[in-house]
1. Mean 1/r over all different Cα pairs, inverted: what Kirkwood radius does the stretch 6-135 give, in Å?
2. Contact order normalised by length for the stretch 309-407, with contacts defined as Cα pairs under 8 Å and 6 or more residues apart; what percent is it?
3. Could you tally the net charge around LEU40, taking each other residue with its Cβ under 15 Å from the Cβ of LEU40, Lys/Arg +1 and Asp/Glu -1?
4. How much length is gained if the chain between ILE16 and LYS309 is pulled fully straight, taking 0.36 nm per residue apart and subtracting their Cα-Cα distance, in nm to one decimal?
5. Find how many whole Å separate the alpha carbon centroid of the stretch 339-382 from the alpha carbon centroid of the stretch 276-307.
6. Output the relative contact order of the chain, whole-number percent, from Cα pairs under 8 angstrom with separation of 6+ residues.
7. Karplus couplings for the stretch 402-410 from phi (6.51 cos²θ - 1.76 cosθ + 1.60, θ = phi - 60°), rounded to Hz, Gly and Pro as x?
8. Using the Cα centre as the reference, give the magnitude of the dipole from point charges on the C-beta atoms of the chain (Lys, Arg: +1; Asp, Glu: -1; all else neutral), rounded to the nearest 20 debye.
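What follows is calculated from the coordinates using simple rules that are stated; it is not laboratory data. The structure displayed is predicted, hence computed values, not measured ones. Every residue, glycine as well, gets a Cβ built from its backbone with ideal geometry; the counts of neighbours run over all protein chains shown.
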Amino acid sequence: MQHKLNITSLLVFIAISLGITLLFFPGLLLAPDQDKALGLVIITIALLATSFIPEYLTTLLFFLLAMLFHVAPDYIIFAGFQSTALWLVFGGLVVGVAVMSTGLGKRIANKLAVHLEGSYSQLIIGVTLVGVMFAFIMPSAMGRVVLLIPIMLALANHFGFKAGSNGRIGLVLAALLGSSMPAFFILPANVPNMILSGMAESQLGLHVLFGEYLLLHFTILGIAKIGLIIFIILWLYPDKPVVTNTDNDIKTSPISKPEKILAVTLIILLLFWMTDFIHHVSPAWIALGGAIFLLLPYTVVSTEQFNTKINYGSLFFVAGIIGLGSLIKYSGLGSTLGNYFILHLPLSPDTPFFNYMSIAFVSTFLGLFTTLPGIPAIMTPLTAEIAQETGFSIKSVLMLQTLGFSTMFFPYQAPYIVVALSLAKEHMTVILKPLFIIAMVSLLILFPINYLWWQLLGWI
């Protein structure tokens, strides 16, 4: 353990040293403004990736250094506080407190547990598939975790999994990963998917169809990742469920007034989230409206609960992550790196497999510096040029981005992961190994298999 800590400390020291050097002496690697941005990004990512200090403290340090070194204007650095994502998280935190405090979460968990009782394997498989089902009916990853995580915590209590136990972590990760990773292969289910679709239409005049996207991506990568998620959770976080009798009173007791109010509120929120393509109201404002209603006097969440049970640290963290993405976009750092690597790859129509893997790897790499929604923003303008170099169709090159933004190594790349673990009060380190293993298996095994599938479909 001490050896591991020393290695982590050394890596953090090297990263911080490099970052500080670029902040004090900009222009060593790139343009001065981009060097400053790169230095701050290196420091922030190193601290977030290693959890060397608490995540909210890292984001506060990000804000401070960005302002002290004039890395970008304040409206860029603090863009997260103006983002709809922050208010979706806030609404989710209020809903989470309501679900746990009223007992509705326990009641739902008891109903769900009837169908999941048995082995731990059956429990993890069932929860993962519930997450996948939600990905098909609810278009917001953030909204999905906001609804699912409080229920998972109640389910963990039902099966005797205490805070910090493998079983509790396993249930949280099954719901989180099951509702998010396969969703990258379901067109309207995640933000990067929709950015890709929107930019394809606006910049290239291409329309991405739901069935076409599902067949191309979900058939191999989606199904394989569902199995991989289940296997990794069972391997890394094994446990044995023990059904407790502490919640029997909830099974038989009549539903209380606060539970009724909350249940109706959640149904209304879910209906609005599912039909956003009709009314075009952001999921954030739907969540905020629900939160305000639940906070009204004599409804569900009391003033004391609001002051003591809301995890405000997660709000700072989400704001910092969004600010980091805004900084990268503002500085042009992501575009510079993307252009550099793409233009220096030895692409040729005679090497289709190398072309395919190269574009997939570069897209994945860019996600480390742009967060996932930034990948289509950088790659789409390069699509025509890449197509000319590789001999691939423009649509094939466009679809290759999905391989990149569906593969992540660290929680900071996808803010909903941070939100889910904050709601569950679990440390970010619990997901590092699963993410790393899934990413490496994807890069080394699933991508090559997927290449054969694309050939069979005639896309390459």
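1. 18.5 Å
2. 31 percent
3. Charge balance near LEU40 sits at -1.
4. 102.1 nm
5. If you average the Cα positions of each part, the centres end up 40 Å apart.
6. It comes to 21 percent, rounded to a whole number.
7. Residue by residue, the stretch 402-410 yields 4, 4, x, 7, 9, 10, 10, 10, 10 Hz.
8. 1060 debye
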